[in-house]
Amino acid sequence: MGEISTNHVDQPAKKTLPRWGSAMAWVGLLALLVIVAMVLLQKQQGPVTVGQKPPSFTLSTFDGQQIGPADMAGKVVLVNFWASWCKPCEQEAADLQTAWEYYQPRGDVLFLGIAWTDTEPASLAYIDKFDITYPNGPDLGTAISQAYRTTGVPETYVIDKQGVLAYVKFSPFISLAEIKSAIDPLLSP
């Protein structure tokens, strides 16, 4: 039998990253995983909780006012996230307005309505329909609701005079008495 010839064809050498390149790739991957973990953790934290200082914000109202942290300082602040298309929001609208009319003369209570993912014409029609007179404005780019990590509407946050979140409601208020029970304990006699 004949001899089998084994001609070796030289294969090109595999290109490998230098050790520092490989280390940098691993560091980059680790950094990406840390960022993803931080985002997921923030999403899992849920809404701002009682006892925390809630995020500060400035609300540009539908009538052109700017209401910011200085306007809220030293007051009990009720922040209500709502939408014109939200049927449960309609259930509490009249009671919120009545509560506002009750507390407004005191000067140490501020109600703020924040229209969440709504159009301006629909929001203004809702405000008109329920004769709402406390300041309301759109949540432009959902910046405020994202800061509060809201889960839907209606949601209401009551902040005490020291700027600490004292009460959270993840559904509509069912009565004027319920609204007062969230605010009255925070007021000085």
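The values are calculated or read from the model by the stated rules, or taken from the named source; none is laboratory data. A quick note: this is a predicted structure, and the numbers were derived from the prediction, not measured. Positions of Cβ are generated from backbone atoms using ideal geometry, with glycine treated the same way; all protein chains shown enter the neighbour counts.
Put simply, of Val48, Val77, Val27, Val9 the only residue that is modelled with pLDDT under 70 and either part of a loop (DSSP other than H, G, I, E, B) or surrounded by 10 or more Cβ atoms within 10 Å (Cβ to Cβ) (or both) is Val9. Looking across segment 104-143, the residues that are touching a residue at least 60 places away in the same chain (Cβ under 8 Å) and outside any helix (DSSP H, G or I) come down to Asp108, Val109, Pro135, Asn136, Gly137, Pro138. Look at segment 174-189: where a residue is farther than 10 Å from Val76 by Cβ, no partner that is in a helix (DSSP H, G or I) and modelled with pLDDT under 95 sits 6+ places away or on another chain with Cβ atoms under 6 Å.
Inspect all residues belonging to segment 58-72 and state whether any of them is at pLDDT 95 or above, touching an Asp or Glu at 6+ places or on another chain (Cβ under 7 Å) and buried (at least 18 other Cβ atoms within 10 Å of the Cβ). The answer is no, given that none of the residues of segment 58-72 is at pLDDT 95 or above, touching an Asp or Glu at 6+ places or on another chain (Cβ under 7 Å) and buried (at least 18 other Cβ atoms within 10 Å of the Cβ).
Every condition in (1) in a loop (DSSP other than H, G, I, E, B); (2) crowded, with 20+ Cβ neighbours inside 10 Å holds for Tyr157 except the one numbered (1).
Name the single residue that is farthest from Lys75 (Cα to Cα) among those in segment 144-154 being assigned to a loop (DSSP other than H, G, I, E, B) and touching a Pro at 6+ places or on another chain (Cβ under 8 Å). Ranking the candidates gives Thr151 first. Filtering segment 160-173 to residues that are touching a residue at least 24 places away in the same chain (Cβ under 8 Å) and assigned to a loop (DSSP other than H, G, I, E, B) leaves Asp160, Lys161, Gly163, Val164, Phe170, Ser171, Pro172, Phe173.
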